[in-house]
1. Amide H to amide H under 5 Å from Gly275: which residues, 5+ apart in sequence or cross-chain, H placed 1.01 Å off N in plane?
2. Quick one: the Cα spread of region 81-126 along its three principal axes, in angstroms, biggest first?
3. For region 138-250, restrict the atom set to alpha-carbon positions and state the Rg and Dmax in Å.
4. Step through the residues of region 103-116 one at a time and calculate ³J(HN,Hα) from phi using the Karplus curve (6.51 cos²θ - 1.76 cosθ + 1.60, θ = phi - 60°), rounding each to whole Hz and writing x for Gly and Pro.
5. Assign one of three labels to region 34-164, namely rounded, prolate or oblate, based on the Cα gyration tensor with a ≥ b ≥ c the square roots of its eigenvalues; rounded applies when a/c is under 1.5, prolate when it is not and a/b is larger than b/c, and oblate otherwise.
6. Report, please, the projected area of the chain averaged over directions, based on the convex hull of its C-alpha atoms, in nm².
7. Each residue of region 258-264 in order: what ³J(HN,Hα) in whole Hz does its phi give by Karplus 6.51 cos²θ - 1.76 cosθ + 1.60, θ = phi - 60°, with x for Gly and Pro?
8. For Ser154, Ser166, Ser160, which order do you get if you count the other beta carbons within 10 Å of each Cβ and list the fewest first?
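Quick note: the coordinates plus some simple rules give every number you see, no bench work behind them. Given the structure is predicted, the values throughout are model-derived calculations rather than measurements. Cβ placement follows ideal geometry from the backbone for every residue including glycine, while neighbour counts extend to all protein chains displayed.
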Amino acid sequence: MLFGDGGAGGTGGFSVIGGTGGSGGKAGLIGSGGNGGAGGQGIPDIGLGLGGTGGNGGNAVLFGVGGNAGNPGIAFANGGAGTAGSGGPLQPVFDALNAPSQALTGRPLIGNGTNGAPGTGLNGTPGGWLLGNGGAGGSGASGANGQNGGAGGSAGLFGSGGAGGSGGESTGAAPGFNGAGGAGGAAGLLFGTGGAGGTGGTGGNASLLAAGAGGAGGAGGLFGDGGAGGNGGFSRGANAGGAGGAGGAAGLLGNHGGVGGAGGFGTVGGTGGIGG
């Protein structure tokens, strides 16, 4: 493949031990490797809960940057981060160009944004002005009320938006609310795919209402696809599953809107998200 970015890895599934995030895809000769997916969340309120390991970033080939490492999943004991993808042979040149751009604008010229830290709900930062993927949003913390996941960072001209972070779970003895998944970041203005929305927070045993809703997928670039909506959260109690997030809008000149997220499992299944 001459031109194209690797796809982002998917988020690991929720369980006592969270699933491993998917690895990002390898880029074409010109393009960036896909970001690794976040590790799945483990059950946060029992000692056996273990977060999943983040996926590895995809590698660049010639003109591009490697994908970000996937964030670790959070739980009673957090998982480990993935490994960042390797850059192409021009990476030293990119580093030299990025230094003044970073100093003047706080953003690289060619490079990926930074992931929001897991368990903070912080947004991912934007990718490089010219080339690079947005950083993934950080997952929301679990607590009396689950925190919303952070939004994925947007790309510049060429690149994919970062994935939204997963929402946190309501774990208190008193009823609380579950966090929603963060929205996926917008794709590059010319080419790129919108980021996938984050998974809604799992509904704890004492949580109010449904599990958290999935985040909306990011909009595609001019010639790009919209991101997939995040899946609705799983309900551990007697409530409904979370609603799936809406898929992101397609680019102006064609391609496809994002797929809507699946509704979450519960006493009543969550509503699926609308396609972009």
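1. Distant-sequence amide H within range of Gly275: Gly247, Gly260.
2. 34, 26, 10 Å, listed from the longest principal axis down.
3. For region 138-250, the Cα radius of gyration and maximum Cα-Cα distance read 14.6, 49 Å.
4. 5, 7, 10, x, 8, x, 7, 10, x, 8, x, 8, 5, x
5. Values: a/c = 3.02, a/b = 1.91, b/c = 1.58.
Note, shape of region 34-164 comes out prolate.
6. It is 12.5 nm².
7. Result, rounded to whole Hz: x, 6, x, x, 6, x, x.
8. Values: Ser154 29, Ser166 43, Ser160 40.
Final ranking by Cβ density, sparse to dense: Ser154, Ser160, Ser166.
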